[in-house]
Amino acid sequence: MRTQVAIVGAGPAGLVLANVLLRAGVDIAVVERRSRAEVERRARAGLVEHRVVEYLRAHGLADRLLAEATRHGWCDFLCTGRVLRFDYGAQSGGVRHWVYPQQLLVRDLVADLRKAGHDPQFSLPATRVHVAADGSGPARVECPGLDIECDYVLGCDGPHGITPLALPPQAAPQGELDERYPYDWLTLLAEVDRGVPGVVYAVHEDGFAGVMPRTSRIARLYLEIPAGDATARWTAARVHERLRTRLAGAGAAVPRLGRIRETGVLRMRSSVRQTFQHGRLFLAGDAAHVLTPSGAKGMNLAVADAADLADALIRRYRYGDEAYLAGYTSRRLPEVLRTRDLAAGFLDLLHPQGQHPADRRAELARRLERLSELAEPGAAGAAFAHWYVGAGPDLPAPHTAAPRESTP
Ligand code: APR
């Protein structure tokens, strides 16, 4: 099979790339190792940044999101019995998040591709990618029973995919680009008696707990646990008991929690590759960088990568602009590292450390001071709000001119 661009992975990064390229007249093929039902069911992120929604809207990819998502512009910090409301919508000048579960966005993006007659090939894993180091073509993606020859391969296959294996060893994350935290987060999907009205971050002596809105029946919850702890130790009764302790005093912000539908664990680490490209292979989203969920940036950064890469490929096909495409890593890496650092700072705020209870209490008091500073209108809160809600920088606008045929 021959195509211009082969995309490995049908998560948010791969599906945004596929849709935007297709609309610009670029020929694509998407392979995804899971079944369609699996990718459309996988509950993960849910807070969509303002600029990401603006991008999807501008490309005609946000109809259902705009109709069904709810808006969200504040969160509560719980600390030492105090509730501090951080009105980041107001502090960022009226910009808010959209609450829309990732699997619904994935479902919509798959439906858009199907409408255009370009179904992703589901249940088809890529097993190997061939790209020449000097950038000469064509590139090739091997799958069981299918060989795709293409101009470019886009590795959107997440943190455990196979496309990064085609990068040279020096592209692997190392040193300060790779960080492991001394705790993990238990991730839970719980039934609730009404929707969660807003995000709650509880900073508690016993450990962190977080509550995120998803739908009127379901909430996403996070619970700090010791690094490496087995999920089997976290029975439903123990989870409920710890949540009660850590969320005590949250008031109306936390609905009554019912049955826990899913329990998982996030090994808390961040890991950023030294480069996101090699010859005709370009990585986007989790294949290029994995961040912790603090700040809810994973899905948003995946779409931001996809937006930049789609723009660069369209310039390549329309105007023969090789240089802009070659600058992909140098444009994306600084933003990814900045996001990684801000998310790490936020994570630190949520996790007072300390061996002894007295140390932890002192740390908690310091956290309370810093959280109060964020919550009160001022420069610190405004800067954080701008980043947290994704008020900018804007993602690339659609190209309007007709496509020109060109084969690199
Ligand atoms: N062949 C084909 N598909 C593959 C292969 C393979 N060898 N390996 C993995 N995949 C698929 C996975 O099944 C998955 O559907 O690639 C897709 C990767 O999707 P995501 O993991 O959602 O990654 P991405 O699109 O980068 O979005 C990342 O979303 O939920 C957030 O925080 C999360 O940061 C993450 C973000």
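Where strands (runs of 3 or more DSSP E) fall wholly inside region 199-314, the ranges with 3 or more residues that are farther than 30 Å from residue 135 by Cα and more than 18 Å from the chain's Cα centre (by Cα) are 199-203, 218-226, 257-266. Say we look at region 26-36 and pick out the residues that are farther than 15 Å from residue 152 by Cα and more than 9 Å from the ligand (Cβ to nearest atom); which of these is surrounded by the most Cβ atoms within 10 Å (Cβ to Cβ)? Of everything passing the filter in region 26-36, 36 is surrounded by the most Cβ atoms within 10 Å (Cβ to Cβ). Of all residues in region 110-127, those being more than 10 Å from the ligand (Cβ to nearest atom) and either open to solvent by less than 10 Å² (accessible area, probe 1.4 Å) or hydrophobic (A, V, I, L, M, F, W, C) (or both) number 4. The listed residues are 343, 296, and the only one of them that is assigned by TED's automatic domain parsing to the domain that holds residue 136 and touching a Phe, Trp or Tyr at 6+ places or on another chain (Cβ under 9 Å) turns out to be 296. Would you check if there is a residue in region 274-284 being among the hydrophobic types (A, V, I, L, M, F, W, C) and out of contact with any helix residue (DSSP H, G or I) (no Cβ under 9 Å at 6 or more places or on another chain)? No: region 274-284 contains no residue that is among the hydrophobic types (A, V, I, L, M, F, W, C) and out of contact with any helix residue (DSSP H, G or I) (no Cβ under 9 Å at 6 or more places or on another chain).
Give the residues of region 259-286 that are of a type in the set (A, V, I, L, M), farther than 27 Å from residue 351 by Cα and within 13 Å of the ligand (Cβ to nearest atom), sorted by residue number. If the condition is that a residue be of a type in the set (A, V, I, L, M), farther than 27 Å from residue 351 by Cα and within 13 Å of the ligand (Cβ to nearest atom), then 283, 284 are the ones that fit. Within region 321-341, the set of residues being buried (at least 18 other Cβ atoms within 10 Å of the Cβ) and in contact with a Gly (Cβ under 9 Å, 6 or more places away or on another chain) comprises just one member, 339.
Per-residue answers, yes or no, for (1) at pLDDT 95 or above; (2) among the hydroxyl-bearing types (Ser, Thr, Tyr); (3) within 30 Å of residue 388 (Cβ to Cβ); (4) touching a Cys at 6+ places or on another chain (Cβ under 9 Å):
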{"position": "88", "(1), (2), (3), (4)": "yes, yes, yes, yes"}
{"position": "107", "(1), (2), (3), (4)": "yes, no, yes, no"}
{"position": "112", "(1), (2), (3), (4)": "yes, no, yes, no"}
{"position": "119", "(1), (2), (3), (4)": "yes, no, no, no"}
{"position": "135", "(1), (2), (3), (4)": "no, no, no, no"}
{"position": "154", "(1), (2), (3), (4)": "yes, no, yes, no"}
{"position": "163", "(1), (2), (3), (4)": "yes, yes, no, yes"}
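Regarding region 232-239, can at least one residue be identified that is crowded, with 21+ Cβ neighbours inside 10 Å, more than 16 Å from the ligand (Cβ to nearest atom) and of a type in the set (Ser, Thr, Tyr)? Checked region 232-239: no residue is crowded, with 21+ Cβ neighbours inside 10 Å, more than 16 Å from the ligand (Cβ to nearest atom) and of a type in the set (Ser, Thr, Tyr). Within region 366-390, residues that are free of Cβ contacts under 8 Å to residues at least 60 places away in the same chain reach partners that are part of a helix (DSSP H, G or I) and charged (D, E, K, R) with beta carbons closer than 6 Å, at six or more positions or on different chains, in the pairs 380/373. For residue 204, the criteria (1) open to solvent by less than 10 Å² (accessible area, probe 1.4 Å); (2) under 14 Å from residue 243 (Cβ atoms) hold in every case but one, which is (1). Look through region 3-19, keep the residues that are away from the ligand (no atom under 14 Å from the Cβ) and open to solvent by less than 10 Å² (accessible area, probe 1.4 Å), and return whichever of them is nearest to the chain's Cα centre (by Cα). Among them, the one singled out is 5. Is it the case that region 254-262 has a residue that's without any contact (Cβ under 8 Å) to a residue 60 or more places away in the chain and of a type in the set (A, V, I, L, M)? Taking every residue of region 254-262 in turn, at least one turns out to be without any contact (Cβ under 8 Å) to a residue 60 or more places away in the chain and of a type in the set (A, V, I, L, M). In the set (1) under 16 Å from residue 7 (Cβ atoms); (2) touching an Asp or Glu at 6+ places or on another chain (Cβ under 8 Å); (3) not basic (Lys, Arg), the condition left unmet by residue 157 is number (2). Please determine whether any residue of region 62-77 is assigned by TED's automatic domain parsing to the domain that holds residue 155, more than 14 Å from the chain's Cα centre (by Cα), within 20 Å of residue 300 (Cα to Cα) and at pLDDT 95 or above. No, every residue in region 62-77 fails to be assigned by TED's automatic domain parsing to the domain that holds residue 155, more than 14 Å from the chain's Cα centre (by Cα), within 20 Å of residue 300 (Cα to Cα) and at pLDDT 95 or above. Scanning region 143-177 for residues that are touching a strand residue (DSSP E or B) at 6+ places or on another chain (Cβ under 7 Å), among the charged types (D, E, K, R) and away from the ligand (no atom under 16 Å from the Cβ) yields 149, 151.
The values are calculated or read from the model by the stated rules, or taken from the named source; none is laboratory data. Not measured: the values here are computed from a predicted model. Cβ atoms come from the backbone with ideal geometry, glycine included; neighbour counts cover every protein chain shown. These accessible areas exclude ligands, DNA and RNA; they are computed on the full protein's heavy atoms, side chains included. Shrake-Rupley method; radii C 1.70, N 1.55, O 1.52, S 1.80 Å.
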